[in-house]
Amino acid sequence: MAIAVAALAAGTAQAAQLSTDARGAIPHDVQQLVVIDYRAMQNSSAAMDLRARVMPPELKQFDEALSKSGLNENHDVDELAFALYRPSPGSDALQTVGIAQGQFDTQDILANFRKQKLKATMVRTNAMYPMTRTGMMLCFVDPSTLVFGAKDAVTRALDVRDGMAASMLTNGAMMNAMQTIDSQPLWSILDDKGTQTMMKQLLGEAGSVTDFDSVRKHLEGSWYGMDFQHGVSFNLTIQTGDSFAAATVSSLLTAAVMVRKLSASDTEKQALSATDIGSDSGKMTIHFASSDTEFSALLQSPLFQSMVK
């Protein structure tokens, strides 16, 4: 349940799938990719509550810059994705690039740029425009796909898209993870480092024990999806490739839930009781479900706030 807060928004039963052009603009060393059915996000009050409470400041800036650039995000954008990636292999630094898919009136958008006297920066044959005065940039890679973000991040995405650097299409582990989850309206995939960071946060104090240190290296990747069609449903799978490691992490997380229950409010206890944790064939799974009303109450709880920090 907790890792769902890394998401930005929500959807209905529609799937949020990325085109080949969009995938081809994501750098190879992606640590986490979050993809949202942006068009459907208005259909759930719980989804909008989640969006308002957990969207990080950087992604709020992306969201605002999109609309200020002449795009109507509620009508033009179908899917919105954010990729958190390492600019070079082995680097601990992370950068974020956004990708939007939809039916864009490029002529109107470019006319709006000209009206604001915003000039393009050329990256080979690619025209990269400033998104008003925010310092962020935007570039159409095809009529239905654009990349946006900081100048360095957009330039990197264009290098990847133009074949000058490796893309996520050559990252077998992440591509395989994506195929298992991209039928969901909101989904995310994480590599080994992203999964280890996520689990450390989920476990809290339990993540400091020796057992977790012994299985950390077995956390190969993870993926999760959320659906808001009938209440709120969240499913997370962690791939360990090792049944013992999966069972150990499952046990640690179950213990962490029991500890949290001791000081939890009634709303929090209900949410924790609705969280199912298990393991099978080298995978650990978490499932959480609630009504819209229960989820909205949970968003205001201290437990939820501690998990989104």
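Summary of values
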quantity: Contacts under 6 angstrom Cβ, first residue in the range 273-294 being without any contact (Cβ under 8 Å) to a residue 60 or more places away in the chain, partner loosely packed, with under 15 Cβ neighbours inside 10 Å and in a strand (DSSP E or B), 6 or more apart; calculated: Thr285/Gly278; His287/Asp276
quantity: Filter result (free of Cβ contacts under 8 Å to residues at least 60 places away in the same chain and either more than 28 Å from Val123 (Cα to Cα) or not in a loop (DSSP other than H, G, I, E, B) (or both)) within the range 153-174; calculated: Ala153, Val154, Thr155, Asp159, Gly172, Ala173
quantity: Subset of the range 134-152 [closer than 21 Å to Val30 by Cβ and either in contact (Cβ under 8 Å) with a residue 40 or more places away in the chain or in a loop (DSSP other than H, G, I, E, B) (or both)]; calculated: Met136, Leu138, Val141, Asp142, Thr145, Leu146, Val147, Phe148, Gly149, Ala150, Asp152
quantity: Residue match in the range 219-230 (condition: outside any strand (DSSP E or B), farther than 22 Å from Thr293 by Cα, in contact with a strand residue (DSSP E or B) (Cβ under 9 Å, 6 or more places away or on another chain) and touching a residue at least 24 places away in the same chain (Cβ under 8 Å)); calculated: yes
quantity: Among the candidates Phe288, Phe228, Phe304, Phe295, residue that is in the same structural domain as Ile181 (by TED's automatic domain parsing), at pLDDT below 80, within 15 Å of Leu202 (Cα to Cα) and crowded, with 19+ Cβ neighbours inside 10 Å; calculated: Phe304
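The values are calculated or read from the model by the stated rules, or taken from the named source; none is laboratory data. This one's a predicted model, so the numbers in the text were calculated from it and none came from an experiment. Heads up, the Cβs are rebuilt from the backbone with ideal geometry, glycines too, and the neighbour counts pull from every protein chain shown.
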